[in-house]
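Below: one structure, written as structure tokens.
The values are calculated or read from the model by the stated rules, or taken from the named source; none is laboratory data. Quick caveat: nothing in here was measured; it's all calculated off a predicted structure. So basically every Cβ, Gly included, is an ideal-geometry build from the backbone, and we count neighbours across all protein chains shown. Ligands, DNA and RNA are stripped out before the accessible areas are found, and what is left, the full protein with its side chains, is counted by its heavy atoms. Shrake-Rupley method; radii C 1.70, N 1.55, O 1.52, S 1.80 Å.
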Amino acid sequence: MTKLFAKIMERSDTKYLIKEVLNNERYSKLKISLPFTNNYFMDHHYAIFLVMDALIKFDIIIEDENLIEEYIGNLKRIIKKMNTYQEISKGINLLIMKMVAKQLNISNYKLNESKEKILHYIYEKYIIEGYFYYGISSSNKKEVSFSGIKKEGFILDFRLDEINEILKKYERRDIIKRVESDITDNFIIACYFAFLGPDYLEKFATSGIFNDKDYDTSCFYTKDVHLFKKNLDQYMNNKNMTTEEQITIINHFMDIWKEDNISNSHGCIAFIKRSDLKRNYLKDIEEIISCSKDKDILESVAMILESRYGSYDLEEEISPRSFEIMDIPSYKSILDQEQTTTQEEIEELKTISPVKIQEKLTKINKTSYGFASVFMLAGLLLISIGVTAMIVISKLGG
């Protein structure tokens with residue numbers, strides 16, 4: 001591929017546009033129709049993915065570095081002007097169509113001959129020469145680059161198995177499990193999972209166990225280990241887990257978090273040629289083009305660009321030679337929050353929440369021997385203070 005997308009994402013006007021849609025509250029209130037469950041982040045940040053999707057389509061279809069500034073300027077106007085995601089998507093399709101007409105020196109795109117040329121061009125670029133996508137975390141980049149995309153998915157670390165067994169005891173279902181890989185022809189979906197990765201963290205995030213208002217699920221996107229640990233503590237206390245279970249979950253998660261450098265990770269997209277998958281055609285393309293004579297060309301453009309494989313199960317593993325991996329910005333970089341988390345900080349988080357200890361003391365006080373227990377603890381405390389005082393006095397006296 002052209003690598004133009006990486007250049008576009010580094011531009012100041014691109015960063016400004018993405019940050020603008022991120023900070024504009026009206027976009028977080030618009031509903032989307034993509035088939036995601038537990039998709040808090042997608043619901044509130046879909047505009048970011050729409051912008052990134054528009055930019056990758058520019059890379060694949062337009063491929064002209066001289067037109068980037070014009071394209072981003074028009075994209076910004078579309079985002080500001082439109083009030084629904086459907087309108088924004090339609091506006092982006094119109095922009096792409098007009099850019100293609102410009103490249104083909106077509107002045108009147110409403111003529112049937114012009115429609116046919118534009119549609120054939122978009123079809124060739126986006127479908128015949130286009131891509132499927134696989135969204136992963138940079139934590140998995142080395143493994144995927146070396147071993148390829150495995151049909152059976154990522155191997156689970158034994159520590160994740162242990163965490164899952166504990167969670168399963170309380171949730172009556174698997175939370176972190178190995179599932180077969182799937183790819184997609186929808187760049188938005190790939191970006192979503194790239195933001196959520198690594199794979200095991202994505203499974204944890206989409207399990208829904210943090211859905212209650214007590215939790216802040218933004219930790220899965222900001223990769224804020226402190227916030228993630230706080231959510232874990234809250235969850236384990238809500239479930240009244242044993243001290244041993246808490247220690248196992250916290251230590252395993254913190255060790256894996258540290259080893260995979262999740263705090264400083266970002267998303268990656270593997271671009272797989274449609275032709276390698278024998279999915280680089282639309283069986284109804286001739287009908288789409290012929291019917292464009294009697295309708296607005298935008299309807300036909302949308303039919304070519306629409307996703308047909310939101311989730312495509314692999315028939316066999318994909319060799320590293322069959323795809324290229326491209327980095328996308330981390331959520332923190334979009335927010336300009338690129339502070340790093342040290343390994344020492346993560347190691348310090350391997351402690352049990354004091355809330356659990358307090359709960360155990362409270363339970364002791366509620367037993368039939370509650371008052372006796374309190375007096376016994378108070379007596380021990382006074383003895384301890386007395387002994388400490390004697391040691392201090394003797395030291396001072398000496």
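What whole-number distance in Å separates the alpha-carbon centres of the stretch 86-146 and the stretch 247-279? Computed from Cα coordinates, the inter-centre distance equals 28 Å. The H on the amide N of S330, modeled in the peptide plane, is under 5 Å from the matching H of G267, each at least 5 residues off or on a different chain.
Taking R0 as 41 Å, what FRET efficiency do you get between S290 and H226 from their Cβ-Cβ distance, rounded to the nearest 0.05? Efficiency, from the Cβ-Cβ distance: 0.10. Shown are R274, R178, R11, whose ranking by accessible area with a 1.4 Å probe and every protein chain present, most to least, is R178, R11, R274. Given a 1.4 Å probe and the protein chains as shown, E143 ends up with an accessible area of around 90 Å². Length available on full extension from K80 to K7: 0.36 nm per residue minus the Cα-Cα distance, which gives 23.9 nm. Can you flag which of K3/K141; K203/K230; K57/K90; K19/K142; K15/K102 are past 22 Å Cα-Cα? In this structure, K19/K142; K15/K102 exceed 22 Å between Cα atoms. Close amide H contacts of L314 (hydrogens built in the peptide plane, cut-off under 5 Å, sequence separation of 5 or more or a different chain): I183.
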